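Below: the structure, in structure tokens.
The values are calculated or read from the model by the stated rules, or taken from the named source; none is laboratory data. If you're wondering where the values come from, they're calculated on a predicted model, not measured in any experiment. We place every Cβ from the backbone using ideal geometry, glycine too, and count neighbours over all the protein chains shown. Each accessible area value is taken on the protein alone, full model and side chains, heavy atoms only, with ligands, DNA and RNA left out. Shrake-Rupley method; radii C 1.70, N 1.55, O 1.52, S 1.80 Å.
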Amino acid sequence: TLAITAGHCLKAHSDDIEGYCENLDIVFGFHKDRKIPAEKKTGCSKVLKWGSDENEDFAVIRLDPPMSGEMAASVDFGWTPTDGAQLANIGHSKGLPMVGTRGTIDRDDPARQGPTVNGKASPISFYHTMDTVGGHSGSPIFSTETGKLIGWNTTGKPRGDELVKVDGKSCWKWV
């Protein structure tokens, strides 16, 4: 069984990617206020592929023991970002209850035209309008048209110069 997440999630916990799996527990359906059933817990046997820089942020890890049926998703490897594409995200930020959100690819804001690779728009990276927060990194992004996995959340960027007031303090509006 394989799992995909954001590469910086691994790097944040270990400078030694090769030895990363040694003390890693992976829990499906985790919630900080609930006991973890043994059948929902697995480990990592190997980091198969990893990247964490300005051009790529991913990790593919082999689970050990394998999990069957947990959060299985069909992956659409041929999907390409298009303006206005409808998306959905599911996240468990920092063990809080699951949050589902919908949005679109956002390239209307000149500051959010999308990441570039060698000066050209990245064919695999995009900004979206879904409400995600710190801790959502690695959470799945699905196409609402096909229901298939098309990516994972990696980072956030404020929408233009938009500030909002929260408890009387100015904050960037992140999407």
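Things to note:
- Ranked by the mean number of other Cβ atoms within 10 Å of their residues, highest first, the peptides 36-48, 139-151, 74-86 come out as 139-151, 36-48, 74-86.
- Rounded accessible area per residue of region 30-90, 1.4 Å, Å²: 68 Å²
- In the assembled protein chains, Arg62 presents an accessible area of approximately 100 Å² (probe radius 1.4 Å).
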